[in-house]
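A quick write-up on the structure given underneath.
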Amino acid sequence: MNFQEFTERYRKDIYNTIVKYVPIKEPKEHYKIMRDYIDRQGKYRRPALLLLTAQMYGASASDAMLPAAAQQLSEDWILMQDDAEDDSEMRRGKPAAQRLYGWVNAVNATNTGHIAMWRMIKDYMLKAGPEKGNLVYEKFYDMLETTVEGQFVENSFIHDTKDLSIASESMYFKIVDSKTCFYTIYGPMQIGALVGDGKDKDLKMLKEIGDPAGYAFQIVDDILDMTADEKAFGKKNNGDLFEGKLTIPVLHAYKSANAEEKKKLDLIYKKKRQEKSEDEIQYIRRLMTKYKSIEYAQKMADDFGKKAEALVKQYKSQMPRNEYTDLLLSAMEEMYVRKK
């Protein structure tokens, strides 16, 4: 069994747990908006990582189901907010929520997901007891707090700064540290370990593994945004370029460009999404081709991914010896060897 197969094993249980906490009731139109992203179902990587490490550290899938479902629900409502903030076109193969229901209704619906998520964590705490329950709560809180901080840094660049001349890879990795490494990789793994019998040393080890895995995951995501099959990826190509996000390919192309090219890139990136033309986006893509920026990003992702795999192998003797430990290597590979 690989990590994808492991994820599919628990998909139905995770989804059923979520919909129990977010039923469609009156006013139905409101609840249907939040259920839209829930019912589309994402990749479920984050809750699967949580379930994997929970069982690796001696818990049952049942023990970890509420935190895993809360993890997935957090993604569902956060993505709905992100899409509204960025005015994204598509999510999970369908029009983004704010384009279907309006910005106000979409953002208001995310409050339902947010409330239900914390109710799940509360119910987990009652079930697990105050000591373990509080450890999971604090880690979950820290993860989301850090994610929101990273979102602020990213939004500040997209909507206020819009200046590639002062951007850098260090700024990019600061955003990725919070929005991807913590939230997508080592945060869920640490929460899972806490549901089991993981200790502080285990949490530190999982963070050390999760940092390069998160960098690899995000850089691949940047590449797929421009190159993936839209149907498989669930989003329209070049969304990051229209939205003006910082990505490794953009930063590399800008750094490599001559003065005239930099000037044109600056003019494009200072525009709002709705003001950018397809020709302008294709100009950026041509610069990336000219300077082999996607190849540069792919090598960086591969290097980070291989580092995460090497760390799993290095620390394997310090991990519990069971089938889930072997699956962790497959999970880290899944973070950067993927097409969607």
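The values are calculated or read from the model by the stated rules, or taken from the named source; none is laboratory data. Note that the structure is a prediction, hence the values are computed from the model and not measured. FYI the Cβ positions are ideal-geometry reconstructions off the backbone, even for glycines, and counts take in every protein chain you see.
How about the stretch 178-211: which of its residues are of a type in the set (D, E, K, R) and at pLDDT 95 or above?
Those that are of a type in the set (D, E, K, R) and at pLDDT 95 or above: Asp197, Lys199, Asp200, Lys201, Asp202, Lys204, Lys207, Glu208, Asp211.
Within the set of pairs 6 or more residues apart or between chains, which connect a residue that is farther than 22 Å from His252 by Cβ inside the stretch 151-166 to a residue that is small (Gly, Ala, Ser) and part of a helix (DSSP H, G or I) with Cβ atoms less than 9 Å apart?
Close Cβ pairs satisfying both conditions: Gln151/Ser178.
Go over the candidates Leu206, Leu251 one by one and state the one that is more than 30 Å from Leu50 (Cα to Cα) and either among the hydroxyl-bearing types (Ser, Thr, Tyr) or in a helix (DSSP H, G or I) (or both).
When all the criteria are applied, what remains is Leu251.
Output the residue which, of all residues in the stretch 167-203 that are of a type outside the set (Lys, Arg) and not in a helix (DSSP H, G or I), is surrounded by the most Cβ atoms within 10 Å (Cβ to Cβ).
This residue is Gly198.
Among what's in the stretch 304-322 and is in a helix (DSSP H, G or I) and exposed (fewer than 15 other Cβ atoms within 10 Å of the Cβ), pick the residue that is nearest to the chain's Cα centre (by Cα).
Ala310
Anything in the stretch 1-24 that is within 14 Å of Asp39 (Cβ to Cβ) and in contact with a Phe, Trp or Tyr (Cβ under 9 Å, 6 or more places away or on another chain)? List them, or say none.
Result: Arg11, Ile14, Tyr15, Val22, Pro23, Ile24.
Looking only at helices (runs of 4 or more DSSP H) that lie completely in the stretch 1-75, which have at least 1 residues being surrounded by fewer than 20 Cβ atoms within 10 Å (Cβ to Cβ)?
So the answer is 3-21, 28-40.
Cβ-Cβ distance below 6 Å, separation of 6 or more or different chains: which pairs start in the stretch 131-148 with a residue that is under 15 Å from Ala68 (Cα atoms) and end on one that is among the aromatic types (Phe, Trp, Tyr) and crowded, with 18+ Cβ neighbours inside 10 Å?
Pairs found: Met143/Phe182; Met143/Tyr183.
What do you reckon, is Glu85 in a helix (DSSP H, G or I) and either at pLDDT below 95 or in contact with a Cys (Cβ under 7 Å, 6 or more places away or on another chain) (or both)?
yes
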